[in-house]
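Novice: Encoded as structure tokens, here's the structure I'll be asking about.
The values are calculated or read from the model by the stated rules, or taken from the named source; none is laboratory data. Since this is a predicted model, take the numbers as computed values, not measurements. With ideal geometry, Cβ positions are generated from the backbone for all residues, glycine too; neighbour counts draw on all protein chains shown. The protein model used for the area step is the full one, side chains on, heavy atoms only, and it has no ligands, DNA or RNA in it. Shrake-Rupley method; radii C 1.70, N 1.55, O 1.52, S 1.80 Å.
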Amino acid sequence: LLLMAAVPCAAPRPFSRPSVVLVACDSFDGRLTFYPGNQTVDLPFVNFMKRYGTVFLNAYTNSPICCPSRAAMWSGLFTHLTESWNNFKGLDPDYMTWMDLMQKHGYYTKKYGKLDYTSGHHSVSNRVEAWTRDVEFLLRQEGRPMVNLTGDRRHVRVMEADWKITDKAVTWIKEEAVNLTQPFALYLGLNLPHPYPSPYMGENFGSSTFLTSPYWLEKVKYEAIKIPVWSSLSEMHPVDYYSSYTKNCTGEFTKQEVRNIRAFYYAMCAETDAMLGEIISALRDTGLLKKTIVMFTSDHGELAMEHRQFYKMSMYEGSSHVPLLVMGPGIKERQQISTMVSLVDIYPTMLDLARIPVPQNLSGYSLLPLLLAKSEDEVSHRGPRPSWVLSEFHGCNVNASTYMLRTDQWKYITYSDGISVLPQLFDLSSDPDELTNVAMEFPVLVRSLDKILRSVVNYPKISSSVQDYNKRQFVNWKESLGQNYSNVIANLRWHQDWLKEPKKYENAIDRWL
């Protein structure tokens, strides 16, 4: 309560090289940070940042899956430029990130928690599912989404691993950052509110469990939870059907099941907010808040049973819309910005804050011209910010490379070569739930948006390159296994379906190869 009542002190101008803190979580739906999404759950520290800073109403991931999204955020480059095609393929370990540049220019830098922007991580299942998405088979790759209530009303620290790294960051602020004579850049990466693993799926399990305690569930307003409208399976877009099936969501779900999944997810967001609060409180208690820029964002969102899916990997709002809040010296208070922005904008923004020259080849644009209460001559200028943002996806649970162009009211989604799969067009001003594809009704608009998209990325060529990459990687992996191949591939996350007809699925892969 004391924190919520405390107005940050008068602050120096932002170009005295402020310290910077970035808290980046995993799978946080950005729509929960403003009306009406914010009516479903109490997020006091998100609200604190809104009161004393700025919230972006249209912030998007550049690829709705962990590693490719983070590769874009740490490099400032679109996914087709980083070639981070799936959770296994990210940046090289020695890639020069914005934090590396800040360190090179005199900042003390510190990272805690989840990074996940370099190659070589995540499960074998995850990469094999991505490589084989063009194979003509349909297999469930996840456990059925479910909820799990743990502990009692006193059980606060549900995600213990995240709390431990938050504690480390808080200790560092109080014991080390407070004594620094140079500005610092602190990064905290949280796993929440990503769903938890589901061990009942076997050795190679996915993460389909929404887990929380009564303490956090009480922060959720059940009466405000919206039950999403679903299309019938026969009416679903073919890519959506593939996603829903592989995510094990095509079975029957009662409204109560869906409501509980959403409620538990919101409760996990409330726990995430509390960790953000620990960082803000530590900065305030040490007197550092008045000279530190604080940012909060996520790698992507969470569908939470919208469009008959959970997880991400989709261009629908629940999956692609991320939170982005900024507060600190010189940042305008109580500001809501509707400009289209995305995670690649964080790289040039960080460099702008540190007064480091911004490379001209970046995909992103600095957010400072939008954030500052007054215009500043020192802000780097690259010409006008485009009126659109780009997101793309090339990984598992989606059987075609996907590209999204988001403009003022329109969301254009196209697939593969732009011909073999029907595109989608949604008018978010009249259809915020994205239930009606109006691409056939506005052919001129579709052609116009597609022209803009092709001016940014030659997406048929990129889609073809990804297909070649997938096949090449799979062949290398298969050959590395030798005689163990049949046993290994049968026992990945799809094992429950695969083991029913193993020869059928091996033959389908052989035909693909």
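Novice: Using modelled amide H (1.01 Å from N, peptide plane; none on Pro or chain starts), what sits under 5 Å from the amide H of Val41, excluding residues fewer than 5 places away?
Specialist: Lys221
Novice: Report the full-extension gain for the segment Val178 to Lys451: residue separation times 0.36 nm, less the Cα-Cα distance, to one decimal in nm.
Specialist: Stretched out fully, the Val178 to Lys451 stretch lengthens by 93.2 nm.
Novice: If you put +1 on each Lys and Arg Cβ and -1 on each Asp and Glu Cβ, how big is the dipole of the range 65-165 around its Cα centre, in Debye rounded to 20?
Specialist: That gives a dipole near 520 debye.
Novice: Which net charge results for the neighbourhood of Gln309, defined as the other residues with beta-carbon distances under 11 angstrom from its beta-carbon, given Lys and Arg at +1 and Asp and Glu at -1?
Specialist: -1
Novice: Could you work out Rg/(2.2 N^0.38 Å) for the range 392-512, with Rg from alpha carbons only?
Specialist: The reported ratio for this selection is 1.39.
Novice: Using a 1.4 Å probe, what is the accessible area per residue for the range 392-512, in Å²?
Specialist: 49 Å²
Novice: Considering only protein heavy atoms and a probe of 1.4 Å, how much of the accessible area of the range 319-378 is carbon and sulfur, as a whole percent?
Specialist: 43 percent
Novice: May I pose another question? With every protein chain in place, what's the accessible area of Lys503 (1.4 Å probe, Å², nearest 10)?
Specialist: We get 130 Å² for Lys503.
Novice: Within the range 455-492, name every residue whose backbone N is under 19 Å away from a label modeled 7 Å from Cα of Asn507 along the Cβ vector.
Specialist: 486-487, 489-490, by backbone N distance to the label point.
Novice: Taking the chain, how much of its Cα-Cα pair set, in percent, is spaced more than 34 angstrom apart?
Specialist: It works out to 35 percent of all Cα pairs.
Novice: If you find the alpha carbon centre of the range 439-513 and of the range 342-357, how far apart are they in angstrom?
Specialist: Here the answer is 34 Å between Cα centres.
Novice: Also: Holding the Cα-Cα limit at 24 Å, pick out from Lys50/Lys247; Lys89/Lys411; Lys89/Lys247; Lys89/Lys461; Lys174/Lys291 the pairs that are longer than that.
Specialist: Going by Cα-Cα distance, Lys50/Lys247; Lys89/Lys411 fall outside the 24 Å limit.
Novice: Another question, if that's okay. Which value in deg cm²/dmol, rounded to the nearest 500, describes the helix-derived mean residue ellipticity at 222 nm for the chain, given -39,500 (n - 2.57) per DSSP H run of n ≥ 4 and division by the residue count?
Specialist: -10000 deg cm²/dmol
Novice: If you don't mind, there's one more thing I want to ask. Percent relative contact order of the range 392-512, based on C-alpha pairs within less than 8 angstrom and at least six residues apart?
Specialist: About 15 percent, as a whole number.
Novice: Suppose every K and R has +1 on its Cβ and every D and E has -1 on its Cβ; what is the size of the dipole of the chain about the Cα centre, in Debye to the nearest 20?
Specialist: 780 debye
Novice: Quick one, could you list the DSSP H helices from the chain stretching 27 Å or more along their long axis (Cα atoms) with average Kyte-Doolittle hydropathy of -0.5 or above?
Specialist: Flagged H segments are 255-285.
Novice: Quote the charge dipole size of the range 392-512 about the Cα centre in Debye, to the nearest 20; the model charges only the Cβ of Lys and Arg (+1) and of Asp and Glu (-1).
Specialist: The dipole magnitude comes to about 520 debye.
Novice: Ok, one more. Please sort 295-305, 408-418, 155-165, 485-495 by packing, taking for each peptide the average over its residues of neighbouring beta carbons within 10 angstrom, highest first.
Specialist: 295-305, 408-418, 485-495, 155-165
Novice: Still on this structure: Cα to Cα, under 20 Å, and not fewer than 8 places away if on the same chain: which aspartates and glutamates meet these conditions relative to Lys500?
Specialist: Glu129, Glu136, Glu142, Glu203, Asp510
Novice: Provide the gained length on full extension for the span His105 to Gln256, in nm with one decimal, where the gain is 0.36 nm per separating residue minus the Cα-Cα distance.
Specialist: Between His105 and Gln256, full extension yields an extra 49.0 nm.
Novice: Residue farthest toward the positive end of the dipole of the chain, with Cβ of Lys/Arg at +1 and Asp/Glu at -1: which of Leu186, Cys249, Asn126?
Specialist: Positive-end residue among those listed: Leu186.
Novice: Oh, and also: For the range 331-339, in order, what is each residue's ³J(HN,Hα) by Karplus, 6.51 cos²θ - 1.76 cosθ + 1.60 with θ = phi - 60°, in whole Hz (x at glycine and Pro)?
Specialist: Coupling constants for the range 331-339: 7, 5, 8, 6, 9, 10, 10, 9, 4 Hz.
Novice: Further, regarding this structure: Measuring with a 1.4 Å probe in the full set of protein chains, what accessible area per residue, in whole Å², belongs to the range 277-383?
Specialist: 30 Å²
Novice: Further question on the same structure: Considering only protein heavy atoms, what per residue accessible area in square angstrom results for the range 97-197 with a 1.4 angstrom probe?
Specialist: 44 Å²
Novice: Right, next: Nearest 5 is fine: what % of DSSP beta bridges in the chain come out antiparallel, could you say?
Specialist: Of the beta bridges lying entirely in the chain, close to 50 percent run antiparallel.
Novice: Starting from the Cα-Cα distance between Lys164 and Arg51, subtract it from 0.36 nm times their residue separation and give me the gain in nm to one decimal.
Specialist: Contour length minus the Cα-Cα distance gives 37.9 nm.
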